[in-house]
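Q: Have a look at this one before I ask anything.
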Amino acid sequence: MTGIKGIHHVTSIAGDPQENVDFYVGVLGMRLVKRSVNQDDPGTYHLFYADAEGHPGSDLTFFPWRHMPAGQDGVGLTVEVALAVAPGALEFWSAHLGQHGVPVGEPHVRFGEKALPFGDPHGLSLTLVETADRRDFTPWRRSPVPEASQIRGIHGIRLWERNLAATGEFLTRVLGFAALGREGAWHRFGLAGAASGGLVEVRELPAERRGTWGVGSVHHVAWRVTDERDELAIRERVQAAGQRPTGVIDRFWFKSVYFKEPGGALFELATDGPGFSVDEDPATLGEHLVLPPWLEPDRRAIEAALPPLRSGASVPG
Ligand code: ZN
């Protein structure tokens, strides 16, 4: 079966864009690899943080919608994003997050992996998870986080759902996941190899209300596909399963198809290429506002409407 290869990126809703940069670059030590605008709402930034090269699977992206109310966790939403770090790195992170006044939850073990939950400044739930799984990862030299402890990519996501069976069947029969068992309230699914970067954990909450998007919510999770041919093949399967995928949308750095899984969470398929260096020198990724070609004619108006943003590279650690 033509397959999804793992998580491509996770896009969330943030508050103030400068606070978002200061946290993800200045505290979490990720690289701002692309500074662009929401292609459907060019008055809002679209900020992309990743490893030094912007590998697919390492990428957290944000729409900073400052005036939106806070989101509310509920069914049909991704409620947590897990980030992979090397074995032993949580010791550094406990101290580092503490020094920066970041609220941290109880360290614990989940599915045999050491985990440290915490929140970003706008309420997004994140968890650092130690894993020895191999990752495509290039450390960021100018990061305030030492290379050995840097975030190596997105480990997995957690969903709340009203009906586990409906989402579970969609994950396994349509998207190619395997059911990997249960621990407490969480049911784990994984892609071939069940490795870091392709994990989904679902908690069934039949009586819970529907979640709502807002500041601090995950907006969507994008899954990696090799190319447009594979993307169209999976799109067909999604449609045959009764969901309603969009057509292929050119996001310039990748090509996308969006759909909702049966519980209502928004998913995307995104091609591995062409990638973030298609329109910028890899040495200076993220330092200038990049627009897709069809928005270039409006650059002056778009730049004038956006709030100023200090370069991530100069944020103090
Ligand atoms: Zn996306």
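Q: Give me S58, S149, S94 ranked fewest to most by other Cβ atoms within 10 Å of their Cβ, as a rough exposure proxy. Before the final figure, lay out the partial values.
A: Working: S58 28, S149 20, S94 15.
The order, fewest Cβ neighbours first, is S94, S149, S58.
Q: Separate question: For the chain, what is the percent of antiparallel DSSP beta bridges, rounded to the nearest 5? Numbers along the way, then the final one.
A: Values: 49 of 74 bridges.
Of the beta bridges lying entirely in the chain, close to 65 percent run antiparallel.
Q: Starting from the alpha-carbon convex hull of the range 181-257, give the projected area averaged over all orientations, in nm².
A: Projected area, direction-averaged: 7.7 nm².
Q: Now, a different point. What fraction, in whole percent, of alpha-carbon pairs in the range 74-130 exceed 13 Å separation?
A: 60
Q: Still on this model: Quick check on the exposure proxy: order W253, W186, W294 from fewest to most C-beta atoms within 10 angstrom.
A: By the 10 Å Cβ count, ascending, the order reads W294, W186, W253.
Q: Then there's this: Suppose every K and R has +1 on its Cβ and every D and E has -1 on its Cβ; what is the size of the dipole of the chain about the Cα centre, in Debye to the nearest 20? Walk me through the numbers on the way to the answer.
A: Values: 31 positive and 40 negative charges, 94 e Å.
It works out to roughly 460 debye.
Q: When N counts the residues of the chain, how does its alpha-carbon radius of gyration compare numerically with 2.2 N^0.38 Å, as a ratio?
A: Normalised Cα radius of gyration, the chain: 0.94.
Q: When only C-alpha pairs under 8 Å and at least 6 residues apart count, what is the relative contact order of the range 7-314, in percent? Write down the numbers at each step before the final one.
A: Values: 716 pairs, mean separation 74.3, N = 308.
Rounded, it is 24 percent for the range 7-314.
Q: Could you line up T246, T61, T138 from fewest to most neighbouring Cβ atoms inside 10 Å?
A: T246, T138, T61
Q: Take every Cα-Cα distance within the range 229-293, group them into 10 Å bins from 0 onward, and report for each bin the whole-number percent of pairs it holds.
A: Using 10 Å bins, I get a P(r) of 20, 41, 24, 14, 1 for the range 229-293.
Q: What number, in nm² with one decimal, is the all-direction average of the projected area of the convex hull of the alpha-carbon atoms of the range 79-194?
A: That works out to 8.3 nm².
Since every read-out is calculated from the coordinates, none of them should be taken as a lab result. None of these values were measured; they are calculated from a predicted model. Neighbour counts are summed over all protein chains in view; Cβ atoms, including those assigned to glycine, are modelled from backbone coordinates with ideal geometry.
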